[in-house]
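**Q** Okay, handing you the structure first.
The values are calculated or read from the model by the stated rules, or taken from the named source; none is laboratory data. A quick note: this is a predicted structure, and the numbers were derived from the prediction, not measured. Please note: Cβ atoms are built from the backbone with ideal geometry, for glycine as well, and neighbour counts cover all protein chains shown. Heavy atoms of the whole protein, side chains included, go into the accessibility calculation; ligands, DNA and RNA do not. Shrake-Rupley method; radii C 1.70, N 1.55, O 1.52, S 1.80 Å.
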Amino acid sequence: MTGLAEETIIPSGVVPRGEGEKKIILLKPRGFCAGVVRAIDVVKIALDLYGAPIYVRKEIVHNKHVVDELRDAGAIFVEELHEVPEGARVIFSAHGVSPAVRAEAKDRRLQVIDATCPLVTKVHIEAIKFAKQDYTIILIGHRDHDEVTGTLGEAPKHTILVSDVEDVNRLDVKDPERMVYLTQTTLSLDETKDIVSRLLERFPKIIGPKTQDICYATENRQLAVKAVAPLCQTLLVVGSQNSSNSRRLVEVCQKAGIPAYLLDDASEVRPEMLDNVQTVAVTAGASAPEHLVEQLIDHLKANGYTDLEEAEIKEEDVRFTLPSDLESFTPRLHTIRTQ
Ligand code: SF4
């Protein structure tokens, strides 16, 4: 006799806990993706090479702590290029920019360093290619997100933005025989699947990108949440409110019926989030630094969650090279990171 009722089903990988024992499940992969690491490195190298001030158009990545840290190091964040002095050095964020922004930078003789994530650039290239072939591009994404604004700008006359199934129901397209859908890189896998299904129902000839536009980091973090949701009573996601991929992690968990909260850092944990919670899962969006996860773990430990288990759902080992104009400075990175 084990002491457990015979019909008790223990989810794989989970050891039964004693009464009152509180546990943290730390998800992996979590936190920084290759595009975010690269974008932050670009700002750090630029500051190291050229000295402050270095201008950055928009938040380099959508994380308050990362932006504050780089601001303290001498980066100046602006919303639009007219705020940058003529001829100055400016970095484009990981979310990418439209051709109109590139043209404005050229007009104002700005020295541009482009930190656009290569996986966002992939979507831009697809948009350009299909627009040239006179396709109607259905871009699935969130209106006003920096990435979507940039992608839309590649072929505005050919592109229609849809954000949900209702938008698809309202679509009126001049040539349903010549349509393609592309997506923002940081969407919910499930919601996108629903939108694509409806597109296929209404427009059976629509084609998609060769490989999915939702990026590996978004996908892996969502898969990890899905796998662990049945094993916990709540999920805490470290990430900023304007981080699309972080918000999706919260939604994926809530959709599985488990409460989830998005926090910039441990100071935002409220006692009611942990009411009657014996097992809390922790993850972080692709732009959230690991030291904030560590602080959250310390906070939870101090509140009785003394048992910590890491659940690795998928191995992740993706790296991107620096933009070509900075590639020769790769060795400097080691020095910068260890300073
Ligand atoms: S979340 Fe994906 S698309 Fe965005 S920066 Fe990271 S790897 Fe690139």
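**Q** For the stretch 222-243, which positions are open to solvent by less than 10 Å² (accessible area, probe 1.4 Å), touching a residue at least 60 places away in the same chain (Cβ under 8 Å) and in a helix (DSSP H, G or I)?
**A** Within the stretch 222-243, ALA224, VAL225, VAL228 qualify.
**Q** A further question on this structure: Working only within the stretch 197-209, note down all residues that are touching a residue at least 24 places away in the same chain (Cβ under 8 Å) and either within 14 Å of the ligand (Cβ to nearest atom) or open to solvent by 20 Å² or more (accessible area, probe 1.4 Å) (or both).
**A** Residues satisfying the conditions are ARG198, ARG202, LYS205, ILE207, GLY208, PRO209.
**Q** Being more than 20 Å from PRO323 (Cα to Cα) and of a type in the set (Gly, Ala, Ser) is the filter here, so list the residues in the stretch 53-86 that pass it.
**A** Result: ALA73, GLY74.
**Q** Restricting the first residue to the stretch 140-168 and requiring it to be assigned to a helix (DSSP H, G or I), which pairs with a second residue that is open to solvent by 50 Å² or more (accessible area, probe 1.4 Å) and not acidic (Asp, Glu) meet a Cβ separation below 7 Å and a spacing of at least six or different chains?
**A** Sorted first by the residue in the stretch 140-168, then by its partner, the pairs are VAL148/HIS142; VAL165/ARG198; VAL168/ARG198; VAL168/ARG202.
**Q** Same structure again: With respect to the numbered conditions (1) closer than 15 Å to ALA288 by Cα; (2) more than 16 Å from the ligand (Cβ to nearest atom); (3) among the charged types (D, E, K, R), which one is the sole condition not fulfilled by ARG221?
**A** Exception for ARG221: condition (2).
**Q** Take GLY96 and tell me if it is within 16 Å of the ligand (Cβ to nearest atom), at pLDDT 95 or above, in a loop (DSSP other than H, G, I, E, B) and open to solvent by less than 20 Å² (accessible area, probe 1.4 Å).
**A** yes
**Q** Condition first: within 16 Å of the ligand (Cβ to nearest atom), in a loop (DSSP other than H, G, I, E, B), surrounded by 11 or more Cβ atoms within 10 Å (Cβ to Cβ) and at pLDDT 95 or above. Can you find one or more residues in the stretch 75-93 that meet it?
**A** The answer is yes, given that some residue of the stretch 75-93 is within 16 Å of the ligand (Cβ to nearest atom), in a loop (DSSP other than H, G, I, E, B), surrounded by 11 or more Cβ atoms within 10 Å (Cβ to Cβ) and at pLDDT 95 or above.
**Q** In addition: Failed condition for LEU292, given (1) of a type outside the set (Val, Ile, Thr); (2) over 22 Å from HIS95 (Cβ atoms); (3) crowded, with 19+ Cβ neighbours inside 10 Å, with all others met?
**A** That leaves (2) as the condition not met.
**Q** Any residue at all in the stretch 48-61 that's part of a helix (DSSP H, G or I) and among the hydrophobic types (A, V, I, L, M, F, W, C)?
**A** Our first condition is that a residue be part of a helix (DSSP H, G or I); within the stretch 48-61, this holds for 48-50.
Subset that is among the hydrophobic types (A, V, I, L, M, F, W, C): 49.
Taking every residue of the stretch 48-61 in turn, at least one turns out to be part of a helix (DSSP H, G or I) and among the hydrophobic types (A, V, I, L, M, F, W, C).
**Q** Quick one: which residue in THR159, THR183, THR149 is closer than 24 Å to ALA100 by Cβ and within 14 Å of the ligand (Cβ to nearest atom)?
**A** Criteria check complete, one pass: THR183.
**Q** Since ASP134 meets every condition but one in (1) open to solvent by 20 Å² or more (accessible area, probe 1.4 Å); (2) at negative phi, which condition does it not meet?
**A** (2)
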